[in-house]
Amino acid sequence: MSQIYERVALIGLGLIASSMFWAMRRSGAAGHVTGYARSSETRDTARRIGLCDTVCGSATDAVKGADLVVLAVPVGVMGAVAAEIGPHLKPGATLTDVGSVKTRVIEDVSPHVPDNVHFVPAHPIAGTEHSGPESGFATLFDNRWCLIVPPNDTDSDAVQRLERFWRSLGSHVDVMDPEHHDLVLSVTSHCPHLIAYTMVGVADDLRRVTDSEVIKYSAAGFRDFTRIAASDPTMWRDVFLSNKDATLEILGRFTEELFALQRAIRRGDGDFLYDYFTHTRAIRRGIIEAGQDTDAPNFGRSR
Ligand code: NAP
């Protein structure tokens, strides 16, 4: 595959940025990649494992001369990082981000983008519960979706180039408006994470169940909650604080559904429960047919 951007700068060197780097290496989409992370520890790790061609000592150094700058930091600090690098961006460059929330990031970042720079927000719908510079891998985005969320007046060449870039990393690409993005992701990602955090918190709180029993018998569904609930606390704190309206809207609906199920159980309404679970099973089949998960038993785990 041919080069899409000559110089790319990754700001933040965690799961998403490191996966992007290895995927760029695989595809040849970038000529030279610079990187920067807040702590010297992360920067040293990046140098040790060969993450980025050059690891810089400051964000402003990293973005100098870059044709594509990627903000891959928690959504709560996107605005501050944009303010720091804004004056140093190359005229004609594209600034993008990978944040899990879009409306708030666009509000926070846009004021710091110079007129001669194209801001094209994006969100790769791919991840794991791991974080940090050593957690990335080249295939993370393969066959996953990346949503591009360009403000109305965005240069269409810059949007198309970023679309080509994400395709070269293995993704399918769709374009969406920011409010819709935040509502959809609240249903598919943000609220499920909150529910997992809650369920693990409930189990921890149940004094009747000892920790060892929770761990010993965790294969029965609970361990899938614990995997999600092991996700990075900073990232997820910022997601909920930044996507407040959509989260509260979906949690309201979730609570209504939960009450309906609770009532059906209390009344012994087996038909209601059976119909409900038949419907949800069909949704799972749809996800498998769309190639977004494996139909192997137990998610393909050997045990
Ligand atoms: P991560 O593994 O926790 O890495 C975050 C990186 O940001 C670290 O390198 C951290 O540096 C750096 N950072 C934090 N504050 C900074 C600052 N003020 N200036 C410069 N660097 C800073 O996070 P991630 O999972 O890659 O997530 C990054 C972004 O992708 C988030 O916005 C998240 O919403 C989004 N996203 C995540 C997933 C997922 O499943 N994880 C999926 C899609 C999108 P230090 O190591 O030095 O602290």
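The values are calculated or read from the model by the stated rules, or taken from the named source; none is laboratory data. The shown structure was predicted, so the numbers you read here are calculated from the model rather than taken from an experiment. For neighbour counting, all protein chains shown are included, and Cβ atoms are generated from backbone atoms with ideal geometry for every residue, glycine included. When the accessible area is computed, the model is the full protein with side chains, heavy atoms only, and any ligands, DNA or RNA have been set aside. Shrake-Rupley method; radii C 1.70, N 1.55, O 1.52, S 1.80 Å.
In the set (1) surrounded by 15 or more Cβ atoms within 10 Å (Cβ to Cβ); (2) under 19 Å from GLY170 (Cα atoms); (3) more than 7 Å from the ligand (Cβ to nearest atom), the condition left unmet by ILE16 is number (3). The condition (being part of a helix (DSSP H, G or I) and out of contact with any strand residue (DSSP E or B) (no Cβ under 8 Å at 6 or more places or on another chain)) is satisfied by just one residue among ASP153, ASP142, ASP182: ASP182. Taking the criterion of being assigned by TED's automatic domain parsing to the domain that holds PRO150, within 22 Å of SER156 (Cα to Cα) and within 13 Å of the ligand (Cβ to nearest atom), would at least one residue in region 36-47 satisfy it? Checked against the condition, which is being assigned by TED's automatic domain parsing to the domain that holds PRO150, within 22 Å of SER156 (Cα to Cα) and within 13 Å of the ligand (Cβ to nearest atom), region 36-47 yields no hits at all.
Can you tell me how many residues within region 225-244 are outside any helix (DSSP H, G or I), over 16 Å from THR103 (Cα atoms) and not small (Gly, Ala, Ser)? Residues in region 225-244 being outside any helix (DSSP H, G or I), over 16 Å from THR103 (Cα atoms) and not small (Gly, Ala, Ser): 1 in total.
If the condition is being in contact with a Leu (Cβ under 7 Å, 6 or more places away or on another chain) and either modelled with pLDDT of 95 or more or crowded, with 24+ Cβ neighbours inside 10 Å (or both), then region 119-129 contributes PHE119, VAL120, ALA122, HIS123, ILE125, ALA126. Would you point out which residue out of THR247, THR280 is within 16 Å of the ligand (Cβ to nearest atom), in a helix (DSSP H, G or I) and open to solvent by less than 100 Å² (accessible area, probe 1.4 Å)? One residue alone meets the criteria, THR247.
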